[in-house]
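Scroll down for the structure; my scribbles are underneath it.
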Amino acid sequence: MDTVIKARNVWKIFGADPVNYLKSMPEGRTFDEIRADGYIAGVKDVSLEVSRGEMLVIMGLSGSGKSTLVRCFSRLHDITGGTIEVEGQDIMSLKEKDLIELRRNKMGMVFQSFGLLPHRTVLDNVAFPLEMRGQDKHDRRKRALEVINLVGLEGREEYFPRELSGGQQQRVGIARSLAIEPDIWFLDEPFSALDPLIRREMQDEFLRLQDLLGKTIVFITHDFDEALRLADRIAIMKDGAVEQCDTPDQIVLHPATEYVAKFTEEIEKSRVVHARVLANPVNGSAPEGEAVRAGHTILQLARQLVNDTREELPVADKNGNLIGVMNRQEALDVLLGAN
Amino acid sequence: MALSSAGEMDLSHEGESKGRDPVLLSILGLAVVFILAHAIGVLPSWLVRLPESWIPPTAEVLDVVFAFVQNDLGLIHLTRFIAEGPLEFMLDATANLLYGKRRWPNLGPIPWTAIAAAGTVLGYYLGGWRLAALAGGTFLWTALIGQWDIAMQTMSVLVVAAPVAFVIGLLLGIAAWKYTWVDVVIKPVLSILQTLPFFTYLLPAVIFFKVGPTAGAVATIIYAIPPMILMTTLGLKKVSPEVVEAGKMSGSSRFQMLTQVYLPSARTEILVGVNQVIMLCLAMVVLTAFIGMPGLGAKLLAMMGSFKLGRSFEIGVTIVLFAIMLDRLSKAWVVKQPEHHEKGTPWWKEHAFLLAGLAGFVVFYILAQFIDVFTEIGRRQSFSKGKEIDTAIKGFLALDGVRAVTEWLRWFLNVKVLIPFRNSLLWIPTSAFILLIVGFSYWLGGRKSAIYAAIFFTIVALSGWWDRSVITLYTVISAVIISMLIGIPMGIVAARNEVWAKRILLACDTAQTFPSFIYLIPAIMLFGVNDVAVVFAIVIFTTVPLTRYTIEGLRTVPLEITEAADMAGATRRQKLWSVQLPIALPTMAVGFNQAIMFAFFMVIIAAFIGTQDLGQELQRTLAGTELGKNIVLGMNVALMALTFDLTIMAWAEKRKKSLGLD
Ligand SMILES: Nc1ncnc2c1ncn2[C@@H]1O[C@H](COP(=O)(O)OP(=O)(O)O)[C@@H](O)[C@H]1O
Ligand SMILES: [Mg+2]
């Protein structure tokens, strides 16, 4: 698959003289030791890749470095060490002009507290990135109205941000970030400032948009449920470092570290784990009878799992092709939460 | 309760440790030794007053330096060029438009009715019918009372000075925000400029820019720039980081970031800056009367000088009305938020106010061509009641009861309080005086404040104007003490009742917008021209911040704490003394500080009524062209004011921190 963002050993250190500090820092220094030296490791030796059309969710507690990492990707922060390539281009080597071009054409970002310009109407806020790149007035109005319709704000074009509810303001933020038709879409806790009910609604809306647009997305949240709903892959951060980066299924089934295990403890695994993940290669002859759907979660298969008596269940994809067999006991363990 | 008792323990503990502090004890001890030695006549004379021979010829040196800069470096040509070029051109144009001075564009004077109409619509646009009435009423009053022309003389400078100060302040503010080195250079200059008495602005302006409106405008502009710089920087720094990031992610270039993201987002602070620029300009433009600027200030000066109380009073009302109007309008602009128009609103509806304003202006402009009083209300047609008011005031003052009170007050203050106090301050040897001030700064503000105090007061002593400085200080201290006796109890009483607190705060707010000149009027009315009137004027002026910050301080006491005190069975008095006041004290200190600054400011203006302090000397320098002396005197006032400023603010900071109030 085509890699859009490739980060290798990325460091972002805050403090008086981070570059020299990082150079002289002994290998394997922990977050707390760095802090004792008077520096803060916002991002600590992170390597990860984001593929085209993928939604990577970064999650972790507040202060774990999520926002900092994403701001490194968009070069709102200059990184202290390592490299970041966006579509094969080392972004730290970009000149200011090229960076502005990159942002004008390829990247969009949505912010937790919306970051709207208070003196501009909805329409002018959404058209702002187009204005910045010098598009003519008629064109940008047309495009802005398009995205405003897309996020369901038609009729509010002339409102000012303070006249809108939080959810509506974030729709403006989303519309603005989409106005330039970016390839890469960063969202930094876009729904955290909203009420739970609205949050749910916005998540649905967001999934609808993503189905429609199929962008490469880096989405930050500190809410595990939100991550599970949206993610193709989840990266869990702690103290600036990525503890584990994997599919939701793998994270709940095989937490890589103590911390991740703790994090996933409360999660009902059967809602996350799909049959596909539990499928083992067929050994010898395939079992007879009805197959379970690979794309279903174990919870969705609960009734079948309990009623069926076979030891091994065949797993088939949505076209009916056999992809493996699932151990029923193993699946029941997931369902009942046994270890 | 926990907080307050901790605060109290802290207080007493601090008191104890300070009481035993060896540094403080030795400073004060030394001062006492000097004083006693002086009393029995054994203190060496150089410790009593610095000998003349020790005093460096600062003023003369400065004069030479200025002469060099002015003549040999040719700076004067540059400044005169600016003055006679663009600045004078703008001033002439506004003078023509507003009161018909014969200059380009030769269109004026604009009829007063046209200006009043446009102003009323503007008032309505910004703040509904209240501000419409305020704006309309102010213009109407000014015209009817027959002061339109002098008011417009003042305004013609204001409408040039304020925008120029705004632009310069904005640019410098942006520079200070963008480049650290500019900030580093500008910060100390600003803090000095803000404590520098206005007189120090006037003389350089006169020398470099000729007497009259140009010099007045220059002094006014320079005077009004500092707060604009500060507000701009503050606003730009406060722009939310997410808005900045959103701007960057939208692909804004640096210039676009500044003009499209930062400046519009800092709108509120910038407009607050505009409000301050306008108010400072008004205050200063009135004071430029001292350097021969015609207008309301000059008229007031003349009327007060010839003891025409009625006319003084009327001019005072005009100035106050203008101050309130300008303040309220510009503040309304700060809070005015953009409103959206429904789709399909016709364009004339979107711009209804602009059109109405224009229409009013044009209609009256045309009407005025046919009806004379719409253009100008002449002297004989005006409704001025100067003479009658004059007679009434003088009659009232001559009433036996009133007279007895004012005379007694004057006698009591003068003979029993002010003169003895002044004489004893003057008696104290310079060395002991400085030590006492240093000890005070050390006790309140700590070591750093004490060092500043020592340096600043030593410079004052070396300036050669020690006695005058002490007299200045004496006036300031007496006035501030008296206004504390009035303002603090008033604030405490007002704070008990939410409604009254609000009313008094509003009154204080309004009073603070008046140009300081105004406060002389009642003082002169009641006491005539003498020391008591000066102190009285300063007292009125400084009671305002003291009352205001007492109320605000008491209002910041968290409700839970007073409730806890109630539940602990505290009486009202106990609650006030041991709970509310300790917590309110840091805020009250800000008011105290402001009061002292105001007092230093006022003391110089009051020199007009004949005092013997620095102010009077400063005034004299204006008559001649003793620039060096002017600056030395100005520096003396600034240094004394700064000493108190630094000390009190250091103390307030410490208290706030120890109370966990930040
Ligand atoms: N500009 C900055 N200067 C100094 N420290 C920062 C800065 N930005 C973030 N940090 C620190 O980096 C750490 C990670 O912050 P952040 O990425 O905002 O966390 P998250 O988004 O996960 O809540 C925090 O400890 C924060 O205090
Ligand atoms: Mg964050």
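Among the listed residues B:GLU552, B:GLU626, which satisfies the condition of being under 30 Å from B:THR195 (Cα atoms), open to solvent by 30 Å² or more (accessible area, probe 1.4 Å), of a type in the set (Asp, Glu) and at pLDDT 80 or above?
Result: B:GLU552 is the single residue among B:GLU552, B:GLU626 that is under 30 Å from B:THR195 (Cα atoms), open to solvent by 30 Å² or more (accessible area, probe 1.4 Å), of a type in the set (Asp, Glu) and at pLDDT 80 or above.
Of the residues A:VAL147, A:VAL151, only one is more than 12 Å from chain B (Cβ to nearest Cβ), within 25 Å of A:LEU212 (Cα to Cα) and free of Cβ contacts under 8 Å to residues at least 40 places away in the same chain; which?
A:VAL147
From the list A:VAL57, A:VAL70, A:VAL50, which one is away from ligand 2 (no atom under 16 Å from the Cβ), open to solvent by less than 10 Å² (accessible area, probe 1.4 Å), touching a residue at least 24 places away in the same chain (Cβ under 8 Å) and not aromatic (Phe, Trp, Tyr)?
Values: A:VAL57 fails: away from ligand 2 (no atom under 16 Å from the Cβ); A:VAL70 fails: away from ligand 2 (no atom under 16 Å from the Cβ).
Unique residue meeting the criteria: A:VAL50.
In the set A:VAL4, A:VAL10, which member is away from ligand 2 (no atom under 16 Å from the Cβ), out of contact with any Gly (no Cβ under 7 Å at 6 or more places or on another chain) and among the aliphatic types (A, V, I, L, M)?
Only one candidate qualifies: A:VAL4.
Working only within segment B:232-246, note down all residues that are within 13 Å of chain A (Cβ to nearest Cβ), crowded, with 17+ Cβ neighbours inside 10 Å and within 28 Å of the chain's Cα centre (by Cα).
Correct list: B:GLY235 only.
Can you name the condition, by its number, that B:THR268 falls short on among (1) free of Cβ contacts under 8 Å to residues at least 60 places away in the same chain; (2) within 14 Å of chain A (Cβ to nearest Cβ)?
For B:THR268, the exception is condition (1).
Among (1) within 14 Å of chain B (Cβ to nearest Cβ); (2) in contact with a Gly (Cβ under 7 Å, 6 or more places away or on another chain), there is one condition A:ILE198 misses while meeting the rest; what is its number?
For A:ILE198, the exception is condition (1).
Go through segment A:136-238 and tell me which strands (runs of 3 or more DSSP E), entirely inside it, have 1 or more residues that are among the basic types (Lys, Arg).
Hits in segment A:136-238: A:233-238.
Taking the conditions exactly as written (of a type outside the set (S, T, N, Q) and within 16 Å of ligand 1 (Cβ to nearest atom)), does A:LEU187 satisfy them or not?
Spelling it out, A:LEU187 is indeed of a type outside the set (S, T, N, Q) and within 16 Å of ligand 1 (Cβ to nearest atom).
Which one of these is over 30 Å from A:THR3 (Cα atoms) and basic (Lys, Arg): A:ARG133, A:ARG176, A:ARG141?
Residue meeting the stated conditions: A:ARG141.
Only one of B:ALA176, B:ALA162 is outside the structural domain of B:ALA641 (by TED's automatic domain parsing), under 23 Å from B:ILE115 (Cα atoms) and open to solvent by less than 20 Å² (accessible area, probe 1.4 Å); which?
B:ALA162
Can you tell which of B:ALA479, B:ALA450 is surrounded by 20 or more Cβ atoms within 10 Å (Cβ to Cβ) and in the same structural domain as B:PHE536 (by TED's automatic domain parsing)?
Details: B:ALA450 fails: in the same structural domain as B:PHE536 (by TED's automatic domain parsing).
Result: B:ALA479 is the single residue among B:ALA479, B:ALA450 that is surrounded by 20 or more Cβ atoms within 10 Å (Cβ to Cβ) and in the same structural domain as B:PHE536 (by TED's automatic domain parsing).
Which members of segment A:193-222 meet the condition of being surrounded by fewer than 16 Cβ atoms within 10 Å (Cβ to Cβ) and either over 13 Å from A:ARG171 (Cα atoms) or within 16 Å of ligand 1 (Cβ to nearest atom) (or both)?
Residues satisfying the conditions are A:ASP195, A:PRO196, A:LEU197, A:ARG200, A:LEU207, A:ARG208, A:ASP211, A:LEU212, A:LEU213, A:GLY214.
Only one residue in A:ALA261, A:ALA279, A:ALA275, A:ALA231 is small (Gly, Ala, Ser), more than 16 Å from ligand 1 (Cβ to nearest atom) and surrounded by fewer than 19 Cβ atoms within 10 Å (Cβ to Cβ). Which one?
Selected residue: A:ALA261, the only one of A:ALA261, A:ALA279, A:ALA275, A:ALA231 that is small (Gly, Ala, Ser), more than 16 Å from ligand 1 (Cβ to nearest atom) and surrounded by fewer than 19 Cβ atoms within 10 Å (Cβ to Cβ).
Could you tell me how many of the residues in segment B:183-207 are among the hydrophobic types (A, V, I, L, M, F, W, C) and open to solvent by less than 20 Å² (accessible area, probe 1.4 Å)?
Filtering segment B:183-207 for residues among the hydrophobic types (A, V, I, L, M, F, W, C) gives B:184-186, B:189-190, B:192-193, B:196, B:198-199, B:202-203, B:205-207.
Filter once more, so that each one left must be open to solvent by less than 20 Å² (accessible area, probe 1.4 Å): B:190, B:198-199, B:202-203, B:205.
Matching residues across segment B:183-207 total 6.
Could you check, for segment A:17-39, whether at least one of its residues is within 14 Å of chain B (Cβ to nearest Cβ) and in contact with a strand residue (DSSP E or B) (Cβ under 9 Å, 6 or more places away or on another chain)? Spell out how you get there, then give the answer.
As a first pass, look at segment A:17-39 and keep what is within 14 Å of chain B (Cβ to nearest Cβ): none.
No.
So A:ILE34 clears everything in (1) more than 27 Å from A:ARG233 (Cβ to Cβ); (2) open to solvent by less than 30 Å² (accessible area, probe 1.4 Å); (3) more than 16 Å from ligand 1 (Cβ to nearest atom) except one condition, right? Which one?
That leaves (3) as the condition not met.
Being within 16 Å of ligand 2 (Cβ to nearest atom) and touching a residue at least 40 places away in the same chain (Cβ under 8 Å) is the filter here, so list the residues in segment A:179-199 that pass it.
A:PHE186, A:LEU187, A:ASP188, A:GLU189, A:PRO190, A:SER192, A:ALA193, listed by residue number.
Can you name every residue in segment A:89-116 that is outside any helix (DSSP H, G or I), at the interface with chain B (Cβ under 9 Å from one of its Cβ atoms) and surrounded by fewer than 21 Cβ atoms within 10 Å (Cβ to Cβ)?
Matches in segment A:89-116: A:GLN112, A:SER113.
Yes/no matrix, rows are residues, columns are (1) away from ligand 1 (no atom under 12 Å from the Cβ); (2) of a type in the set (A, V, I, L, M, F, W, C); (3) part of a strand (DSSP E or B):
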position	(1), (2), (3)
A:ASN9	yes, no, yes
A:LEU22	yes, yes, no
A:ALA41	no, yes, yes
A:GLY63	no, no, no
A:LEU69	no, yes, no
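Restricting to segment A:119-144, what's the tally of residues that are facing chain B (nearest Cβ under 7 Å), open to solvent by less than 70 Å² (accessible area, probe 1.4 Å) and not hydrophobic (A, V, I, L, M, F, W, C)?
Total satisfying the criteria: 3.
Go through segment A:219-243 and give me each residue that's of a type in the set (A, V, I, L, M), away from ligand 2 (no atom under 13 Å from the Cβ) and under 13 Å from A:MET55 (Cα atoms).
Matches in segment A:219-243: A:ALA227, A:LEU228, A:LEU230, A:ALA231, A:ILE234, A:ALA235.
Among what's in segment B:17-49 and is among the hydroxyl-bearing types (Ser, Thr, Tyr) and open to solvent by less than 80 Å² (accessible area, probe 1.4 Å), pick the residue that is modelled with the highest pLDDT.
Per the criteria, the residue is B:SER26.
Could you tell me which of the residues A:ASP32, A:ASP90 is within 13 Å of A:GLY240 (Cα to Cα) and away from ligand 2 (no atom under 16 Å from the Cβ)?
Values: A:ASP90 fails: within 13 Å of A:GLY240 (Cα to Cα).
Matching residue, one of A:ASP32, A:ASP90: A:ASP32.
If we keep just the residues of segment A:73-88 that are open to solvent by less than 20 Å² (accessible area, probe 1.4 Å) and within 13 Å of chain B (Cβ to nearest Cβ), which is nearest to A:ILE251 (Cα to Cα)?
A:PHE73
Of the residues B:GLY273, B:GLY251, which is crowded, with 20+ Cβ neighbours inside 10 Å and assigned to a helix (DSSP H, G or I)?
B:GLY273
What about A:THR68, is it more than 8 Å from chain B (Cβ to nearest Cβ) and touching a Pro at 6+ places or on another chain (Cβ under 6 Å)?
Taking the combined requirement at face value, the residue does not satisfy it.
Taking only pairs six or more apart or across chains, which ones have beta-carbon atoms under 8 Å, a first residue in segment B:146-167 that is on the phi > 0 side of the Ramachandran plot, and a second residue that is of a type in the set (S, T, N, Q)?
Qualifying pairs under 8 Å: B:GLY146/B:GLN381; B:GLY146/B:SER382; B:GLY146/B:SER384.
The values are calculated or read from the model by the stated rules, or taken from the named source; none is laboratory data. Everything numeric in this text was worked out from a predicted model, so none of it was measured. Note that each Cβ is placed from the backbone with ideal geometry, even for glycine, and that neighbours are counted across all protein chains shown. To get the accessible areas, we keep the full protein, side chains included, count just its heavy atoms, and leave off ligands, DNA and RNA. Shrake-Rupley method; radii C 1.70, N 1.55, O 1.52, S 1.80 Å.
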